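Below: the structure, in structure tokens.
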Amino acid sequence: MLWGPSIYANYTTRQIRYNGEKVPTVQLPKRDTAIVFGAALKDKGTNPSAFLLIRVKAAVALYEAGRVNRILMSGDGRQPNHDEPYIMQREAIKLGVPAEAIMMDKFGFDTYDSCYRARHVREITSAIVVTQGYHLPRAVMTCQKNGIDTIGLDAPTRISTRNMGWYMLREWLSTDKLFMQLALRKL
């Protein structure tokens, strides 16, 4: 099962994923909301990791270009010393996004939770998901399966070849997990 779900996610979303280095933000189709997925924090939870900051900056660029009207910051916000949505919101505000244009979901513990809650709690029906390319097929597909008209923006990040194997293995296992979550939801 390891390869099949990842191949399926890549194949079915290939036409609606955009590379942020190749396609100018202003050329992306408009959607209501940018969904930014949480990622690691650094400095004991007080600052975004490089990956997370790149995602936030890509979402801010979408907002500034008028491609989205609002931004949903979704991630793990259970602990005061590890609150991904708060850190993402803080960075977006520093970059000029008004606070009222930012929503936070502190219960986006994984991609499925973030997309499910975006649709069924926040009632988001169209979105541009913002994450790195290795995660993008699964993120786009998950939001689509939850009823959100979704396209994806690859927030380009240079990943060393030394770490790429880990990211790919993690993504394959996470995509397998997603297929189980989707199957259980239909029971």
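If eta is 1.002 mPa s and T is 20 °C, what Stokes-Einstein diffusion coefficient results for the range 40-130, Kirkwood Rh from Cα pairs, in µm²/s? Each step should come with its number before you reach the end.
Details: Rh = 13.1 Å.
Stokes-Einstein gives a translational diffusion coefficient of 163 µm²/s.
Quick check: residue separation of residue 181 and residue 107 times 0.36 nm, minus the Cα distance between them. What number comes out in nm?
Values: separation 74, 0.36 × 74 = 26.64 nm, distance 1.63 nm.
The residue 181-residue 107 span can extend by a further 25.0 nm.
Take the chain, connect every pair of alpha-carbon atoms lying under 10 Å apart with a spring to form a Gaussian network, then pick out the residue of 78, 17, 55 with the largest mean-square fluctuation.
So, out of 78, 17, 55, the one fluctuating most is 78.
Could you work out how far the C-alpha centroid of the range 117-141 sits from that of the range 1-75, in angstrom?
With the range 117-141 and the range 1-75 each reduced to a Cα centre, they are spaced 8 Å.
Taking amide hydrogens as modeled 1.01 Å from N in the peptide plane, which residues meet the under 5 Å criterion relative to residue 47, leaving out close sequence neighbours?
Residues meeting the amide H criterion: 42.
Which residues' amide hydrogens lie under 5 Å from the amide hydrogen of residue 105, considering only partners 5 or more residues apart or on another chain, with H built in the peptide plane?
73, 74, 75
Which whole-Hz couplings ³J(HN,Hα) result when phi for each residue of the range 70-75 is put into the Karplus expression 6.51 cos²θ - 1.76 cosθ + 1.60, θ = phi - 60°, listed in order with x for Gly and Pro?
7, 10, 9, 9, 10, x
Just to check I understand the Karplus step: with θ = phi - 60° and J = 6.51 cos²θ - 1.76 cosθ + 1.60, what whole-Hz values come out for the range 40-48, glycine and proline as x?
Here the 3J(HN,Hα) series is 4, 10, 10, 6, 6, x, 9, 9, x Hz.
Given +1 on the Cβ of Lys and Arg, -1 on the Cβ of Asp and Glu, and no further charges, what dipole in debye does the chain carry about its Cα centre, rounded to the nearest 20?
Values: 26 positive and 17 negative charges, 47 e Å.
Dipole size: approximately 220 debye.
If you wrap a convex hull around the C-alpha atoms of the chain and split its volume per residue, what is the figure in Å³?
On the way: hull volume 21.6 nm³, N = 187.
Spelled out: Cα convex hull of the chain, divided by residues, is 115 Å³.
FYI, it's all coordinate maths here, none of it is from the lab. Computed from a predicted model, the values in this text were never measured in an experiment. Glycine gets a Cβ as well: all are built from the backbone with ideal geometry, and neighbour counts include every protein chain shown.
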